[in-house]
Amino acid sequence: MPTLSKRLSQIPPYLFTEISALKRQALADGKDVIDLGIGDPDQPTPEGVVAAMSEAIQNPETHRYDESPAGSATFLNAATEWMRRRFGVTLDPVDEAMLLIGSKEGLAHLAWAYIDPGDLSLIPDPAYPVYGINSALAGGECFSMPLTEANGFLPDLSAIPSDVAKRARVLWLNYPNNPTGAVATPEFFAEAVAFAREYDLLAVNDAAYAAVAFDGYRPPSILQSPGARDCAIELHSLSKTLNMTGWRIGFAVGNRDAIGALNKLKSNIDSRQFGAISQAAAHGLLNVENDATLELYRRRRNVLCDGLNAIGWPVRPPQATFYVWARIPTRHSSREFARLLLEEAAVNVIPGSGYGTAGEGYVRISLTVMGDCDGERLAEAVRRIDLVLRRLAA
Ligand code: PMP
């Protein structure tokens, strides 16, 4: 066999390999593991979407290649209508929107569309790894923008040296944010757009969690900011919005040159999504709300956060996303602490350092726990964590 390309050899294995191995071992040992690791909705896709899929799959037209220029008109009309209803943003479904096979591939391919060897990508730290890894695969260098508690986990754009900003091509943002659960204000998005325009950057907002929010809070879109159409693209996903992670569907909206560039690249790589999936997704975007799931996450969030606060581990409940970003209450590193919770409490959480050096000192706790009806698994997790923390304090 030939050796791997230099490009592929230089990148680390995908995140979570070590902790996944420990989890598998704990399960093999017969432990009752409470898995608060992966962020993957445990509730089924809403019935209305499944019914629309059953109908669409009967139509042989959906069995062939989707030969539309950027995704079926039915899907892109639904996606742009969803943007209008939700954010008041009006977009042209013909050249300001395109279908994605999940937002992950769209994010990855954007890096390939815009980064040449030697170019800079401005990457938040901590972050979902796809922005940085693909920028590096494309030959780019990454400049880290630390997300700190003091800054509400928003990057301090004024701290980016102007020679760095001048060399940069893409500013990556992700609000609502994974892993910190932070949200962006419209003022921050306006500042990011002004920054991108000043330095001729593409601003990308990964909005995979835009529809996962609680207590009446509505996360903003970067496309609501003045001038955003000149420099910004936003990626949305049906994965978290309608519990459709396995279906693989999302969309990109915004600046038409960026949409065109992404489409040019992708047309040479994939052949869009199964038409029945895009029809069912269109139906979901227009007709289905996921309120029951959001209400369940809200109750779980309160059980977890109230519970941890009550046992002396101070955490802040997120307004959006299904992640609690918790500062480690002991002197352990995040890897050691995650390992300790898994070994001693059979509770699986993700070490913050997996998302970047600025994630050290934190763990990410997900609210998407299988087998939980109404927060009882989270209550049990809190009870077990309490025992571990008491033992450490003794
Ligand atoms: N962005 C973020 C921040 C995510 O956490 C995820 C999935 N965990 C994605 C994008 C990708 O989601 P999908 O490809 O399912 O749309």
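Quick one: in segment 90-103, of everything that is within 16 Å of the ligand (Cβ to nearest atom) and touching a helix residue (DSSP H, G or I) at 6+ places or on another chain (Cβ under 6 Å), which residue is nearest to ASP230 (Cα to Cα)? Going through the qualifying residues, I end up with ALA97. Out of ALA276, ALA281, ALA252, one residue alone is at negative phi, in a strand (DSSP E or B) and of a type outside the set (Lys, Arg). It is ALA252. Determine if segment 59-73 includes at least one residue that is out of contact with any Asp or Glu (no Cβ under 9 Å at 6 or more places or on another chain) and either within 16 Å of the ligand (Cβ to nearest atom) or at positive phi (or both). Within segment 59-73 (the criterion being out of contact with any Asp or Glu (no Cβ under 9 Å at 6 or more places or on another chain) and either within 16 Å of the ligand (Cβ to nearest atom) or at positive phi (or both)), the answer is yes, since at least one residue qualifies. For segment 116-175, a residue qualifies if it is under 27 Å from PRO318 (Cα atoms), in contact (Cβ under 8 Å) with a residue 40 or more places away in the chain and of a type in the set (Asp, Glu), and the qualifying residues are ASP125, GLU149.
Has segment 303-313 got at least one residue that is touching a Phe, Trp or Tyr at 6+ places or on another chain (Cβ under 9 Å) and not small (Gly, Ala, Ser)? The answer is no; no qualifying residue exists. Which residue is surrounded by the fewest Cβ atoms within 10 Å (Cβ to Cβ), if the candidates are limited to segment 158-185 and must be of a type in the set (Gly, Ala, Ser) and away from the ligand (no atom under 16 Å from the Cβ)? Filtering segment 158-185 for residues that are of a type in the set (Gly, Ala, Ser) and away from the ligand (no atom under 16 Å from the Cβ), the one surrounded by the fewest Cβ atoms within 10 Å (Cβ to Cβ) comes out as SER158. Residues of segment 186-209 that are away from the ligand (no atom under 16 Å from the Cβ), buried (at least 22 other Cβ atoms within 10 Å of the Cβ) and either in a helix (DSSP H, G or I) or among the polar types (S, T, N, Q) (or both): PHE189, ALA192, VAL193, ALA196. When ILE259 is tested against the conditions (1) assigned to a loop (DSSP other than H, G, I, E, B); (2) buried (at least 17 other Cβ atoms within 10 Å of the Cβ), the lone failure is (1). Annotation: of all residues in segment 319-376 being polar (S, T, N, Q) and part of a helix (DSSP H, G or I), the one that is farthest from the chain's Cα centre (by Cα) is SER334.
Laboratory data are not the source of any read-out in this text; all were calculated from the coordinates shown. Remember, it's a predicted structure, so these values are computed and weren't measured experimentally. Reconstructed Cβ throughout: ideal geometry from the backbone, glycine too, with neighbour counts over all protein chains shown.
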